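Colleague: Quick one: the structure is below, and I'll ask about it shortly.
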Amino acid sequence: MGRLGPTEIILILVVIILLFGAKKLPDMARSLGKSARILKSEAKAMKEENKSSAPADPPASGEEPPAQRTIQAAPGDVTSSRPVAEPTDTTKR
């Protein structure tokens with residue numbers, strides 16, 4: 001019990017196709033892939049941000065706010081790059 005055989009897997013796939021429709025499945029898979037790429041690029045950016053040295057002192061009130069960072073779209077993505085506001089967390093960790 002608990003193991004899925006080939007007939008159960010085929011039955012599950014047929015039910016999924018009937019529920020969501022054959023036309024919507026490629027779009028759903030494409031959007032899931034885009035989301036995974038965005039998540040991967042954000043995680044990579046966070047790792048690179050943590051590796052860079054953080055300023056010892058919090059920014060003074062007279063300094064300009066940091067420039068917006070741009071996330072590049074993946075190849076084949078229909079949308080172009082979009083600006084992303086950086087978090088303003090100034091607490092030391």
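Colleague: Within the range 8-53, which residues are among the hydrophobic types (A, V, I, L, M, F, W, C) and touching a residue at least 24 places away in the same chain (Cβ under 8 Å)?
Modeller: I38, A45 - these are the residues of the range 8-53 that are among the hydrophobic types (A, V, I, L, M, F, W, C) and touching a residue at least 24 places away in the same chain (Cβ under 8 Å).
Colleague: Specify the residue that is most open to solvent (accessible area, probe 1.4 Å); the eligible residues are those in the range 1-33 that are at pLDDT 90 or above and among the charged types (D, E, K, R).
Modeller: Among residues in the range 1-33 that are at pLDDT 90 or above and among the charged types (D, E, K, R), the one most open to solvent (accessible area, probe 1.4 Å) is R30.
The values are calculated or read from the model by the stated rules, or taken from the named source; none is laboratory data. Note that the structure is predicted; figures quoted are calculated from it, not measured. Please note: Cβ atoms are built from the backbone with ideal geometry, for glycine as well, and neighbour counts cover all protein chains shown. Calculation scope for accessible area: heavy atoms of the full protein, side chains included, ligands and nucleic acids excluded. Shrake-Rupley method; radii C 1.70, N 1.55, O 1.52, S 1.80 Å.
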